[in-house]
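Please treat every number below as a calculation from the coordinates, not as lab data. Here the structure is a predicted model, which means the values were calculated and not measured. Glycine also receives a Cβ, built like all others from the backbone with ideal geometry; neighbour counts cover every protein chain displayed.
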Amino acid sequence: MRLAELDYALPEELVAQEPAPERAAARLLVLERRSGALRDACVAELPSLLAPGDLLVLNDTRVVPARVRARRPSGGRLELLFLRPLAGPGEWEVLVRGAPRAGEVVHLPAAHGEWQEALGDGRWRVRIEAGAPVREWLERVGEVPLPPYIRRPGGVTLADRERYQTVYARVSGAVAAPTAGLHLTPALLDALRGAGVALAWCTLHVGPGTFAPIRCDDLDRHEMAPERCEIPAATVEAVRRARAAGTRVVAVGTTTVRALESAASTPLRAGVGEAALFIRPGHRFQVVDALLTNFHLPRSTLLALVAAFAGWEPIRAAYEEAVRRRYRFYSFGDAMLIT
C-alpha cells in the first residue's frame, strides 16, 4: 500500500478541541468487519456490545507531564519534550524545538542543564540538575504534552492534565495518551466485569514512534522507533484461556494492539521488551480479535494499523460516514468499535 492511498478528507471543525463532558458519553461507531455494517452507539453501551467471556486488554501507561519550556543563554526560547532517561546521572533524551549547541547551558524552570550531543531527528542528550530526580521535577514543572492539533492559546489547563490520562494509568513513561482508553471510567469497567467481560493489562509507553510521520510513500520502507512495553504473565494466561474458550481478545487502543502483536510468537510471550512492529495492510493478526479505537490522522501509522485490521476500504467508508454523521475526531474525539 502507498502512503498516498492512506488519506481522507476531514473538515477542520470535526477535530475535537475538548473531550466529551463525561468520558463514557462519547459516541461510538460500531463497524462489523465481515459485513462492513455500521451502526451508532455510545461508549457507555460497551457492556452490551461485548460478549460474556470476552477479554478486554488495556494499556496502563501513564502520561508524564513531559513538555518543558526553556531558554538559551541568549534568551531564545526552546521547547523540550522529555522522552526517556539515559544511562548517565540526570541525563535524558529529549526532543527539542529550537537550535541548541553541544556544551551550551539551558535555563529551565527551577533547574538548569547542559546540552551533551545531538542524536538526530531533533533529539538531544541533555544533563539536568534539578535537586531531585528528573521525573519528580517534571511532575512539578512540566506540561501535559497535548497533540499540536489541540489548540490552547492560554496554555494547558488543569482539566487537560486530568482528562488526557486514563483512569487506570499506573506506570509512568508515556509522552502521549493511549487515547481509546480515555473514554473508560471505573463504573464502566465495573459494568464490563459484571457483564462477564474479563480485564487484563499491558504497558506500552507511547513515544515518538507512535506519532512520528511516515516520510516515504512505500509503507514497507517506514521503520517504527521502538517503544518500551511489558506483557505480564497474567495477561498471557488470560489470552490463553480466551483462546481455549473460543472467546475474543478485544484490544483497547492501537498501542495495546502493537504491544500484543509485537510480543506474539508461538505462543504469546510475557516479559519486558520493545515494540517496533509497524502494523500495516498485509499483517496477519495473531492475538487481537476486536478493537476499540479513536479516529486517527490521515497518512499515519495508526490509520495504517486500523486499515490492516479491518481493511482499508471498510475503514475509508466508515471514516466518510463518521464525517457525514459529525463524529468528533482524534485524541479528544469519539471512538470506534471494530468487531
Sparse-neighbourhood loop hits (chymotrypsin sites (Phe, Trp or Tyr not before Pro), the stretch 149-191; DSSP loop; Cβ within 10 Å at most 15 others) -> Tyr149
Hey, in the GNM for the chain with a 10 angstrom Cα cutoff, which one of Val57, Val323, Val288 fluctuates hardest?
Val323
Counting only trypsin sites (Lys or Arg not before Pro) that are in a DSSP loop and have at most 14 other C-beta atoms within 10 Å, tell me the longest site-free stretch of the chain.
35-100
Based on the Cβ-Cβ distance of Ala25 and Ala87, what FRET efficiency does E = 1/(1 + (r/R0)^6) give at R0 = 51 Å, to the nearest 0.05?
0.70
Calculated [θ] (222 nm, deg cm²/dmol) that DSSP helices of n ≥ 4 give over the chain, each run adding -39,500 (n - 2.57)
-6500 deg cm²/dmol
With +1 on each Lys and Arg Cβ and -1 on each Asp and Glu Cβ, how big is the dipole of the stretch 68-137 about its Cα centre, in debye rounded to the nearest 20?
240 debye
Residues of the stretch 127-150 with backbone N under 19 Å of the label point set 7 Å from the Cα of Ser172 along Cα→Cβ are 127-146
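What FRET efficiency do you get for Arg151 and Ala4 if R0 is 30 Å and r is their Cβ-Cβ distance, rounded to the nearest 0.05?
0.60
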Given a Förster radius of 41 Å and the C-beta distance between His107 and Ala270 as r, what FRET efficiency does 1/(1 + (r/R0)^6) yield to the nearest 0.05?
0.40
Pick from Ala70, Ala20, Ala99: which is most flexible by mean-square fluctuation in a GNM of the chain where alpha carbon atoms under 10 Å apart are linked?
Ala99
Which of Cys42, Cys229, Cys216 moves most in a GNM of the chain, Cα contacts under 10 Å?
Cys216
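Going by a ≥ b ≥ c, the root eigenvalues of the Cα gyration tensor, does the stretch 153-286 fall in the rounded group (a/c under 1.5), the prolate group (a/b larger than b/c) or the oblate group?
oblate
For Glu79 and Asp121, compute 0.36 nm times the residue count separating them, minus their Cα-Cα distance, and round to one decimal in nm.
Difference between extended and current length: 13.6 nm.
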Phi angles of the stretch 246-252, converted by Karplus (6.51 cos²θ - 1.76 cosθ + 1.60, θ = phi - 60°) into ³J(HN,Hα) in whole Hz with x for Gly and Pro, give x, 9, 8, 9, 10, 8, 8
Length gained when the stretch Arg97-Arg140 is fully extended (0.36 nm per residue, less Cα-Cα span):
13.4 nm
